[in-house]
Amino acid sequence: MERLDKFLCDSGVGTRSQVKAILKAGRVAVDEKVERDCARKIDPDTQRVTLDGEIPGGKRRVVVMLNKPAGYVTATEDKAEATVMELLPEELRRLDLKPVGRLDKATEGLLLLTNDGELLHRLISPKKEVPKIYYARHEGTATLPDIQAFAAGLTLRDGTVCRPARLEPLGAGESLITVCEGKYHQVRRMMAARCMTVTYLERLQEGALKLNNLPRGAVRELTEAEISALET
């Protein structure tokens, strides 16, 4: 059993807000009876759901986590470079997945891909302040003034203003950096602004989701519990 609104979203009918409006308008029927309740539980295998008299397309919502290796660009296609899409199994390539944000070619680690446009927008929107944690090896050692500068919000050399972030030194030439936005090469540029050139960068966590022991280059689908945690 699953919620009617989730079934419709997964079927490609629209975003949650769009599905809510469609249901409110009385355009959806379950077993020939108009249904307006978003939370109605249905069994897709035994019950017939229609939208304007037609069966929805049946698109399945998918969210996957990739442990991105260096050497791949974050794009759905590129004429000159290998893309992260080439790391996906063939069955996933057919699902119209799109990367959630970007990791640059040299950066490794956690990258999400999904065919859920609403979730994608939520995760990349600075307004949602979804934290992203990176491990960096870099020149020099982060000091208290560096930590304070990150916490206050850095202004980069080109005038770009970054939101407050967390810099946690791990020792000489190693740090954890937490940001809640995804500007172009942001972590590398923030570290460079404090005279700490990054030599290696890996994303370890996005929201509550951790990379953990997923092998480099491997991919796995998220569970419904993990997806729900990203949505909160």
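For segment 144-232, which trypsin sites (Lys or Arg not before Pro) are both in a DSSP coil and crowded by at most 11 other Cβ atoms within 10 Å?
Arg157
How far apart, in nanometres, would the label points at Met1 and Lys79 be if each is projected 7 angstrom from Cα along the Cα-to-Cβ direction?
Modelled inter-label distance: 5.5 nm.
Radius of gyration and Dmax for the chain's Cα atoms, expressed in Å?
21.0, 68
Find how many whole Å separate the alpha carbon centroid of segment 10-26 from the alpha carbon centroid of segment 32-94.
Measuring centre to centre over Cα atoms gives 16 Å.
Ignoring ligands, DNA and RNA, please state the percent of accessible area on the chain from carbon and sulfur, probe 1.4 Å.
Of the solvent-accessible surface of the chain, carbon and sulfur hold 51 percent.
What's the lysine pair count for segment 9-146 at a Cα cut-off below 25 Å, pairs eight or more apart or interchain?
Summing the qualifying lysine pairs gives 24.
Relative contact order (percent) for segment 105-174, with alpha-carbon contacts under 8 angstrom and 6 or more residues of separation?
On the way: 51 pairs, mean separation 19.7, N = 70.
Computed over segment 105-174, the figure is 28 percent.
Give the residue from Ala75, Leu51, Pro89 lying farthest towards the positive end of the charge dipole for segment 47-102; charges sit on Cβ (+1 for Lys and Arg, -1 for Asp and Glu) and the dipole is referred to the Cα centre.
Leu51
Percent relative contact order of segment 96-232, based on C-alpha pairs within less than 8 angstrom and at least six residues apart?
Relative contact order, segment 96-232: 30 percent.
From the square roots a ≥ b ≥ c of the eigenvalues of the alpha-carbon gyration tensor of segment 188-232, which class results: rounded (a/c under 1.5), prolate (a/b over b/c), or oblate?
Because a/c hits 1.5 or more and a/b fails to exceed b/c, segment 188-232 counts as oblate.
Exactly which GluC sites (Glu not before Pro) in segment 64-129 are in a DSSP loop and have at most 14 other Cβ atoms within 10 Å?
Glu77, Glu81, Glu129
Taking the Cα centre as origin and putting +1 on Lys and Arg beta-carbons and -1 on Asp and Glu beta-carbons, what dipole magnitude results for segment 117-232, to the nearest 20 debye?
About 320 debye.
Just how far, in whole angstrom, is segment 132-185 from segment 215-232 if you go by their alpha carbon centroids?
Centre-to-centre (Cα) distance: 26 Å.
What is the chain's relative contact order, in percent, from Cα pairs under 8 angstrom and six or more apart in sequence?
Across the chain, relative contact order equals 19 percent.
Go ahead and estimate [θ] at 222 nm for the chain from helices alone: -39,500 (n - 2.57) per DSSP H run with n ≥ 4, summed, over the residue count, rounded to 500. Each step should come with its number before you reach the end.
Working: 7 runs with 53 residues, N = 232.
Computed mean residue ellipticity for the chain: -6000 deg cm²/dmol.
The values are calculated or read from the model by the stated rules, or taken from the named source; none is laboratory data. Remember, it's a predicted structure, so these values are computed and weren't measured experimentally. Don't worry about glycine lacking a Cβ; one is built from the backbone with ideal geometry, like all the others, and counts go over all protein chains shown. Note: accessible area is taken over every heavy atom of the protein model, side chains too, but ligands, DNA and RNA are not part of it. Shrake-Rupley method; radii C 1.70, N 1.55, O 1.52, S 1.80 Å.
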